[in-house]
Amino acid sequence: MHHTRWRFIFAALALAGASLSSAASVDFPDLATLRGKVVYIDFWASWCGPCRQSFPWMAQLHGSLAKDGLVILAVNVDQERTDADRFLANYAAPFNVVFDPKGTQAERFHVKGMPTSVLIGRDGKVLMTHEGWRIKERDSLEKTIRAALQ
């Protein structure tokens with residue numbers, strides 16, 4: 001049921017020509033519905049400086065690896081949705097964006113800093129948690145993601 005609803009939301013947005021980031025609010029998916037995919041969850045905030053560098057990188061990853069089974073889920077933790085919307089107006093997000101203003105998901109994944117990423121394997125198990133984002137770590141992160149897709 002959740003899987004069908006999740007697909008329906010994305011299909012409806014695509015047909016309407018809307019980006020996920022401009023949707024009213026997309027709920028955090030039941031991760032069990034994404035089993036069989038590699039899921040890169042990125043917790044971010046509008047005030048996060050490194051997020052300005054990680055978003056273009058995630059857009060590139062989405063463009064090259066979505067066909068191989070990578071799902072990027074960017075989880076915004078801003079309390080004010082307008083702050084997130086301003087950020088998204090400047091940094092394209094062709095991947096899934098969800099909003100967590102109460103920090104429920106951030107707490108669930110024990111997020112302590114921005115950004116924090118969690119890589120979940122096809123079997124649904126956490127493969128890696130990474131705090132921060134630095135250009136010099138980009139290649140290593142991408143190598144880990146590509147290995148998970150194999």
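FYI, it's all coordinate maths here, none of it is from the lab. As the structure is a prediction and not an experimental result, all values here were calculated from the model. As a convention, Cβ positions derive from the backbone with ideal geometry for all residues, glycine included, and neighbour counts pool all protein chains shown.
Out of everything in the stretch 121-131 that is surrounded by 13 or more Cβ atoms within 10 Å (Cβ to Cβ) and of a type in the set (A, V, I, L, M, F, W, C), what residue ends up being nearest to residue 50 (Cα to Cα)? Out of the qualifying residues, it is 128.
The numbered conditions (1) closer than 17 Å to residue 133 by Cβ; (2) surrounded by 21 or more Cβ atoms within 10 Å (Cβ to Cβ) are all true for residue 50 except (2).
Do you know which residues across the stretch 82-120 are without any contact (Cβ under 8 Å) to a residue 24 or more places away in the chain and either acidic (Asp, Glu) or crowded, with 19+ Cβ neighbours inside 10 Å (or both)? Within the stretch 82-120, 107 is the sole residue that qualifies.
Of the residues making up the stretch 98-150, those that are more than 14 Å from the chain's Cα centre (by Cα), over 12 Å from residue 40 (Cβ atoms) and assigned to a helix (DSSP H, G or I) number 11.
So how many residues does the stretch 40-74 have that are in contact with a Lys or Arg (Cβ under 9 Å, 6 or more places away or on another chain) and not aromatic (Phe, Trp, Tyr)?
Step one: list which residues in the stretch 40-74 are in contact with a Lys or Arg (Cβ under 9 Å, 6 or more places away or on another chain), which gives 46, 50, 53-54, 57, 65, 68-71.
Okay, now just the ones that are also not aromatic (Phe, Trp, Tyr), so 46, 50, 53-54, 65, 68-71.
Selection size over the stretch 40-74: 9.
Taking the condition of being in a helix (DSSP H, G or I) and of a type in the set (Asp, Glu), how many residues in the stretch 52-78 meet it? Working first, answer last.
We begin by selecting, within the stretch 52-78, every residue in a helix (DSSP H, G or I); these are 52-68.
This time we only want the ones that are of a type in the set (Asp, Glu), so: 68.
Of the residues in that region, 1 qualify.
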